[in-house]
Amino acid sequence: MIVGQDRAVEQFAAAWERRALHHAWLLAGQRGVGKATLARVAATRVLADAAGPEVDEPGLATPAEHRIARLVEAGSHPDLRWLERLVNEKTGNLARNITVDQVRALGDLFDLTPALSPWRVVVIDSIDDLEKGAANALLKMLEEPPANTIFFLVSHAPGRLLPTIRSRCRRLDFQSLDDDALTSVLASALPDTKEFERNRAVAAAGGSAGRAIALAQLDLVTLEDKALKILRQGDRTNSLRCGLASELGKRGAGDRYAAFLEILPSVIARESRTLSGAPRQRALDAYAEARELVAVAPRLSLDPAATVFQLGGILASVPDPVP
């Protein structure tokens, strides 16, 4: 289900209905607003209509019982490729990037005649994760696209992409979701969540359904409260940051730790807007420092507890010093 993105859905659906498709679609917007969902839904509809029987549904809906929908759901459609970061078998963590070998392997798909219809679909989730060589390899494919092939390129930060890639795509912009849409998504995804928990998650989600779900599932609201306490009051005795580091550094806390790294810069950014003068400048400096640290920590496999403790120090630098 795609919530709150009617314009993006209508734009692609209209193009597909006319069979006037651009070969590459850049799905742009913040994380958690439905970009990858639209890519999957659109890919399913294209491949279902092309293979038959054509779907008699409005927009991009495809009945779950359609044979193509079942293949896509099972991850076994021969004419669909979904590129994302792979799991490192040694560490169990996601790789830093989508590699050039993953992109070049698409050549195997293009060398073959499509199996079930004239169409093929490639989804890259996200194109922001491509290493430099992979981006260049993709660019060559976009410059000379195979016939009847659609690329869906998911991007959370399209401004950072190669201009030559952006210029070869039709862009679909995804909007931040309003509170009603977020509440609807949470009620559907997490029906057992208490109302006050949903309300807090919605308030802290910044328009992102993915973030709202993570906030509710991983109790990130509590972590955000602890970060805000340090950000507003400081931490003279180091006890607050020690507690946070201990909580997120323990075994089994990997998902919460990763989510905390993702949300912390936005927490600082929101708080900075409520400040003025020297505290505001310190908050902006803390935002830049925290953003850099949360970016390198997973890539360098930094110790989670030590990283969180360091982030706590960055937060504690913002309030006015206590005499």
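The values are calculated or read from the model by the stated rules, or taken from the named source; none is laboratory data. As the structure is a prediction and not an experimental result, all values here were calculated from the model. Every residue, glycine as well, gets a Cβ built from its backbone with ideal geometry; the counts of neighbours run over all protein chains shown. Keep in mind that these areas ignore ligands, DNA and RNA; they rest on the heavy atoms of the full protein, side chains included. Shrake-Rupley method; radii C 1.70, N 1.55, O 1.52, S 1.80 Å.
Name the trypsin sites (Lys or Arg not before Pro) in region 1-80 that are in a loop by DSSP and that have at most 13 other C-beta atoms within 10 Å, would you? Kindly include the intermediate steps, with their values, before the conclusion.
Working: sites: 7, 18, 19, 31, 35, 40, 45, 67, 70; in loops: 19, 31.
For trypsin sites (Lys or Arg not before Pro) across region 1-80 that sit outside H, G, I, E and B with at most 13 neighbouring Cβ atoms in 10 Å, the list reads 19.
At a threshold of 8 angstrom on Cα-Cα distance, excluding pairs fewer than six apart, so keeping six or more, what relative contact order does the chain reach in percent?
Working: 445 pairs, mean separation 59.6, N = 323.
In percent, rounded to a whole number, it is 18.
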- Over the chain: helical MRE at 222 nm, DSSP H runs n ≥ 4 each giving -39500 (n - 2.57), nearest 500: -16500 deg cm²/dmol
- Item | Amide H contacts of residue 150 (H built 1.01 Å from N, under 5 Å, at least 5 apart or other chain) | 120, 121, 122
- Item | Two-site label geometry, residue 65 and residue 194: point separation in nm, points 7 Å out along Cα→Cβ | 4.1
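At 1.4 Å probe size, with the rest of the protein present, what percent of the exposed accessible area of region 198-289 is carbon and sulfur atoms? Walk me through the intermediate numbers first.
Details: 2210 of 4510 Å².
About 49 percent, which is the carbon plus sulfur part of the accessible surface.
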- Query: In nanometres, what is the gap between the two model label sites at residue 251 and residue 57, each 7 Å from Cα along Cα-to-Cβ?
  - Reply: 4.4
- Report ³J(HN,Hα) in whole Hz for each residue of region 97-111, in order, from the Karplus equation J = 6.51 cos²θ - 1.76 cosθ + 1.60 where θ = phi - 60°; Gly and Pro get x. 9, 7, 8, 5, 5, 5, 5, 5, 5, 4, x, 5, 5, 6, 6
- Item | Which of 118, 12, 269, positive extreme of dipole for the chain (C-beta unit charges) | 269
- Query: Shape call for region 200-265 from the C-alpha gyration tensor, a ≥ b ≥ c root eigenvalues: rounded (a/c under 1.5), prolate (a/b greater than b/c) or oblate?
  - Reply: oblate
- Please name which of 159, 37, 183 has its Cα lying farthest along the dipole of the chain towards the positive end, using unit charges on Cβ (Lys, Arg +1; Asp, Glu -1) and the Cα centre as origin. 159
- Query: Roughly how many Å² of residue 184 are accessible to a 1.4 Å probe, to the nearest 10?
  - Reply: 60
- Take the alpha carbon atoms of region 142-166, find their center, do the same for region 186-241, and report the distance between the two centers in whole angstrom. 34
- Quick one: what are the phi-derived ³J(HN,Hα) couplings along region 41-51, Karplus 6.51/-1.76/1.60 with θ = phi - 60°, whole Hz, x for glycine and proline? 5, 5, 4, 4, 5, 4, 5, 5, 4, 5, 8
- Query: So what's the gap between the Cα centers of region 95-138 and region 5-59, to the nearest angstrom?
  - Reply: 19
- Filtered hits (aspartates and glutamates, Cα-Cα < 17 Å from residue 90, offset >= 8 within chain) -> 303
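Where does the charge balance sit around residue 265 when Lys and Arg score +1, Asp and Glu -1, over other residues with C-beta under 14 Å from its C-beta? Working shown, then result.
Numbers: positive: 31, 211, 270, 273, 291; negative: 224, 262, 271, 285, 289, 292.
Result for the local shell: -1.
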- With charges only on Cβ, +1 for K and R and -1 for D and E, what is the dipole size of the chain about its Cα centre, in debye, rounded to 20? 820
- Note on the structure: Amide H proximity to residue 83 below 5 Å, modelled H, separation 5+ or other chain, gives 123, 124, 125
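Once the other residues with Cβ under 13 Å from the Cβ of residue 293 are scored (Lys, Arg +1; Asp, Glu -1), what is the net sum? Kindly include the intermediate steps, with their values, before the conclusion.
Values: positive: 291, 299; negative: 262, 285, 289, 292, 303.
Neighbour charge sum, excluding residue 293 itself: -3.
Taking a threshold of 29 Å on the Cα-Cα distance, which of the pairs 132/226; 35/229; 35/140; 35/194; 35/250 fall above it? Working shown, then result.
On the way: 132/226 37 Å; 35/229 33 Å; 35/140 24 Å; 35/194 27 Å; 35/250 33 Å.
Distance filter (> 29 Å) returns 132/226; 35/229; 35/250.
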- Note on the structure: If amide H atoms are modeled at 1.01 Å from N in the peptide plane, then the residues at a separation of 5 or more from residue 208, or on another chain, having amide H under 5 Å from its own are 177
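Not counting the cut sites, what is the longest span of the chain without GluC sites (Glu not before Pro) that DSSP labels loop and that have at most 11 other Cβ atoms within 10 Å? Show your work: numbers first, answer last.
Values: sites that count: 54, 65, 89.
With GluC sites (Glu not before Pro) excluded where exposed in loops, the chain gives 90-323 as its longest stretch.
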- Item | For residue 102, net neighbour charge (Lys/Arg +1, Asp/Glu -1) across residues whose Cβ lies under 14 Å away | -1
- Task: Would you kindly calculate the mean projected area, averaged across all directions, of the convex hull enclosing the Cα atoms of the chain, in square nanometres?
- Result: 18.5
- Taking the Cα centre of region 86-224 as the origin, how large is its charge dipole in debye, to the nearest 20, when only Lys and Arg (+1) and Asp and Glu (-1) carry charge on their Cβ atoms? 460
